[in-house]
Amino acid sequence: MKKLGIVVTDPTDWTADALIQEARKRDFETFCPDLGKMETSIQKNIEHMTSEINLLELDAIIIRDIGPVKNDSHVYRFNVLQQLEESGVTIINSPAAIQNAANKFNASCLISKAGIPTPETFVTQETEKAMKITETLEDVVIKPVFGYKGIGIKRIKKNEVIGPDGIPEKTTAYDFVCGHIEEKGMVYIQEFIENPGRDIRAFVVDGKVIGAIYRNAPEGWWLNNLSQGGTPQECRLTEEQENMCIGAAGAIGAVFAGVDIIESKEGCFVLEVNATPSGAGIYKSLNINVAEYIIDSIENRL
């Protein structure tokens, strides 16, 4: 019996549960290692242990959620995953793909190099230069380079800071940008793409789009994430949109990915690629179980 680890911090997460159930149907012996409890011993042999198992004994690992990390723990967890991969453990998505997607700056570079349309993006470490960019573009989005679920995203329109709900905030654009740079050391700025009040999340597995949904923003909002109150709706992609999503996932190096694209009068743009995506929205909207496709991918690699 093949041993499969599903890395997750919350086993009640819909996607994690779907993966566990599907793996058991396929007769995998399943484990849910928590990397936050991982320990390594380096003696004559190297062992990477969780409370359940020596991770080197696994045949494959699916990474759903590495968990909150900070300081050296972030490097440690990814180093272990890289060593497991080098030792022959099949890992999807690979540590490299997850790092590529998690770093929005790096992802933007990779997507652009692949020739895929992405919003104009600027990064600077200086407040004055950041302000000049926001004033020139007039309408921009400020994102944490490492962020998820739309948390911490702000919009600056004509020198006014606007929250995800569309309500202007009291802080000035200068103070916000200055504080952001003081905290993060840099600022990642994207042009705001005028859109129909929605974006598209496509789920890609092994170079194919298995389903896509619109994420409709709540009334008055400009942020569309389902975790921020957006509502899912079935979406039928054009051939061009499908190719964009497949190309973006490939540029990141992801076996499976959630690719976010935005529509505008000027065409479509890839916003982000998520290499640890939830499959809940696709399932609830389309009755497509992404776990079936991901486990297929694992079986094909073993």
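Descriptive notes on the structure:
- Taking all Cα pairs closer than 8 Å and separated by 6 or more residues, the relative contact order of region 99-230 comes to 23 percent.
- Ratio of Rg to Rh over region 62-166 (Cα coordinates, Kirkwood Rh, two decimals): 1.06
- Whole-number D in µm² s⁻¹ for region 195-288, Kirkwood Cα-pair radius fed into Stokes-Einstein, 37 °C, 0.692 mPa s: 252
- Percent RCO, i.e. relative contact order, over the chain, from Cα pairs under 8 Å lying at least 6 residues apart: 18
- Straight-distance crosslink candidates among lysines, where the alpha carbon sits under 27 Å from Lys44 and sequence neighbours closer than 8 are dropped: Lys2, Lys3
- Helix 14-25 axis, angle to the chain major axis (alpha carbon atoms, nearest 10°): 30
- On Cα atoms only, tilt of 239-252 relative to the major axis of the chain in degrees: 60
- For region 245-295, the relative contact order works out to 27 percent when only alpha carbon pairs closer than 8 Å and six or more residues apart are counted.
- Note on Glu128 and Asn45: the model spin-label points, each 7 Å out from Cα along the C-beta direction, lie 6.1 nm apart.
- Both radii are taken from the alpha-carbon atoms of the chain; with Rh as the Kirkwood radius, Rg/Rh is 0.99.
- Computed from backbone phi, the HN-Hα couplings of region 289-295 come to 8, 5, 4, 4, 6, 5, 5 Hz, rounded to whole numbers (Karplus: 6.51 cos²θ - 1.76 cosθ + 1.60, θ = phi - 60°; Gly and Pro given as x).
- Gyration tensor analysis over the Cα atoms of region 3-92 returns equivalent ellipsoid semi-axes of 21, 16, 10 Å (largest first, whole Å).
- Its Cα centre serving as origin, region 121-191 has a Cβ charge dipole (Lys and Arg +1, Asp and Glu -1) of approximately 200 debye.
- About the Cα centre, charge dipole magnitude for region 3-92 (Lys/Arg +1, Asp/Glu -1 at Cβ), debye: 60
- Placing dummy labels 7 Å off each Cα toward the beta-carbon, the span from Glu219 to Glu120 is 3.4 nm.
Every read-out reported here was derived from the displayed coordinates using simple, explicitly stated rules and does not represent laboratory data. Remember, it's a predicted structure, so these values are computed and weren't measured experimentally. All Cβ positions, glycine included, derive from the backbone under ideal geometry; neighbour counts span all protein chains shown.
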